[in-house]
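Encoded as structure tokens, the structure appears first; notes follow it.
FYI, it's all coordinate maths here, none of it is from the lab. Remember, predicted model here, so these are calculated numbers, not experimental data. Cβ placement follows ideal geometry from the backbone for every residue including glycine, while neighbour counts extend to all protein chains displayed.
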Amino acid sequence: MAWVGNFGWLLLLPLIVDVYITKYIPWTWWKKSKNKAFLAVMGWVDAIVFALVAVYFINTYLFQNYQIPTSSLEKTLLVGDFLFVSKASYGPRVPNTPLSFPLVQHTFPVINTKSYIEKPQWEYKRLKGFDTIERNDIVVFNFPTGDTVAVNKQNPDYYSSCYSEGYMALRYANPNAEPAIEDIMAEGRKIVQAKNREYGDIIFRPVDRRENYVKRCVGIPGDRIEIKNNQMYINGKKQEDIPGLQLNYFIQTDGTVLTKVLDKLNISMEDRAWYDNTQYGDGIKNLGFDPNYPLYHLPLTHEAYNTLKNTAGVISMKVEDSYDTHGVFPLGNKYGWTRDNYGPIYIPKKGAKLTLNEYNLPMYERIIRTYEGNTLEVKNGKYYINGQETTTYQFKMDYYWMMGDNRHNSADSRYWGFVPEDHVVGRPVLVWLSLNKDKGWFSGKIRFNRFFKDASK
């Protein structure tokens, strides 16, 4: 009770003691009934209640199941992998919403209603874990920008949708002006709200009820990261090699079909794109390739790249470039960063002080306002936090930078920023089941070779 900071729950202690020790109250009165049907029903009720309580505590404080939904960690963790996630590794959290149904993250399937009661709300606290998050750990966490959700359209997230809608509307109204980020977001919120049929209701989710994501932690508190031409640098040094790291490439052949080679390289059907030159000749030419031949678009590891480079029929290969400066964090195109050329950016450490200025404020204002619960105003070039003028801000939590190994097919910190420590769920420890969505049940759907694989590396 001291841990959760709510001593009102001590009122339950006499109840628990009586149920399991003193048994003064006849909780099992129903067992004295002579009605066999009634005994059978109550026996099932008793077993189900006990199971739900046990599952709730196990799921909240010890282990949680998680299924890999996307290819962002492909080659390391595959779509269709089912993981045991250890919450004890980094320390179990006090649930923000203790009154929730076990095994359901936020919404009951079919009936589409919330699986939790919003009150009471407990503050963030975490017990000490067996480990601390280190660089290159694979981590499960709650989606940072999943606090506000458009129910009917959750990908992209609410803030990205607002930005996209607002930017298009303002640029259409005045093509010659580059609108300010504040105006873009204000206009975007109005548009998203008005498009109720497309976006649905706009709701709020507590931290522990937000979607679970899994990525590799590439930056820990206090790190400074930068990406130059797809190469990540951490504190000025090249990131250590990650065997499963992939980038998207365009591969042109002389008409040779690469299906068998791609099967051997275990490139999923979802990640394969093929452009017929008879239909996309102009597009192929614009990419700098010969319009007379077809083009593949594939994510490749360094090893797969070398394999295809030496495959008969392959004419040329080129890494996919990104010039989009609008979709990356922080929204607003202030820095001209792209997914492939990004930063430098500092990852906040608990207790570190930041000198506020016009340049760095967009990077950290969400931390100040949303994650750490302050008011922030800028008036005449001066900064006011919780009504007090200041030139600095001291961070209250540690933060992390998460990225996928499939770098060009990963929605990660490059798009939604820092992951606060209170969003960390746990560490995946092993794969207990793996299903290949590209295969049938009798043609290799169950990937037996992945059973009990270490999922933490």
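Here are some notes:
- Computed from Cα positions, the angle between helix 36-61 and the longest principal axis of the chain comes to roughly 50 degrees.
- Pairs from the list K87/K238; K264/K437; K264/K445; K238/K457; K128/K396 with a Cα-Cα gap above 22 Å: K87/K238.
- Most to least packed among 37-44, 258-265 [average Cβ atoms within 10 Å]: 258-265, 37-44
- Furthest towards positive pole of dipole, L62, I446, G200, structure part the chain, Cβ charges: L62
- Global form of segment 242-346, assessed from the alpha-carbon gyration tensor, a/c cut-off 1.5: oblate
- Charged-residue dipole, Cβ positions (Lys, Arg, Asp, Glu), the chain about Cα centre, Debye nearest 20: 1600
- Charge tally in the Cβ shell below 13 Å around V192, where Lys, Arg are +1 and Asp, Glu are -1, V192 excluded: 0
- With θ taken as phi - 60° and the Karplus curve 6.51 cos²θ - 1.76 cosθ + 1.60 applied, the whole-hertz 3J(HN,Hα) list for segment 227-234 is 10, 10, 6, 6, 9, 8, 10, 10 Hz, x standing for glycine and proline.
- Among F143, S164, A88 - extreme Cα towards positive end, dipole of the chain, charges at beta-carbon: A88
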